[in-house]
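Asks: Take a look at the following structure, please.
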Amino acid sequence: MAAILAAIDEINSLVEKYDFPLEILTDVNYRLQCCKEEPYIKQQLRYLKNLVDSGLVTEK
């Protein structure tokens, strides 16, 4: 459970810091509501990190 909360906290930090397109935020939110298993949450976190690392999103 702690790992899930840590991943969700990290997702929230990324969302606060970076300007993700609304479509991406909506999609990730929908996916997290549908599946609350740790590996899937971490997959969504990796997806957001990959967008940041590739330069596809900018800081707010």
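The values are calculated or read from the model by the stated rules, or taken from the named source; none is laboratory data. Since the model is a prediction, treat every value here as computed from it, not as a measurement. Reconstructed Cβ throughout: ideal geometry from the backbone, glycine too, with neighbour counts over all protein chains shown. When the accessible area is computed, the model is the full protein with side chains, heavy atoms only, and any ligands, DNA or RNA have been set aside. Shrake-Rupley method; radii C 1.70, N 1.55, O 1.52, S 1.80 Å.
Asks: Let me check I've understood the local charge: for D19, count other residues with C-beta under 10 angstrom from its C-beta, Lys and Arg +1, Asp and Glu -1. What total comes out? Show your work: numbers first, answer last.
Replies: Details: positive: K17, K60; negative: E59.
Summing Lys and Arg as +1 and Asp and Glu as -1 gives +1.
Asks: In addition: Considering only protein heavy atoms and a probe of 1.4 Å, how much of the accessible area of the range 5-60 is carbon and sulfur, as a whole percent? Numbers along the way, then the final one.
Replies: On the way: 2050 of 3950 Å².
Taking all protein chains in place, the range 5-60 shows 52 percent carbon and sulfur surface.
Asks: On to the next question. Whole number in Å², please: accessible area per residue of the chain, 1.4 Å probe, ligands, DNA and RNA not counted. Write out the running numbers ahead of the final one.
Replies: Working: 4260 Å² over 60 residues.
Result: 71 Å² per residue.
Asks: Let me ask something else. Please give me the summed charge of the neighbours of G55: other residues whose Cβ is under 13 Å from its Cβ, Lys and Arg +1, Asp and Glu -1.
Replies: Details: positive: K49; negative: D19, D53, E59.
Charge balance near G55 sits at -2.
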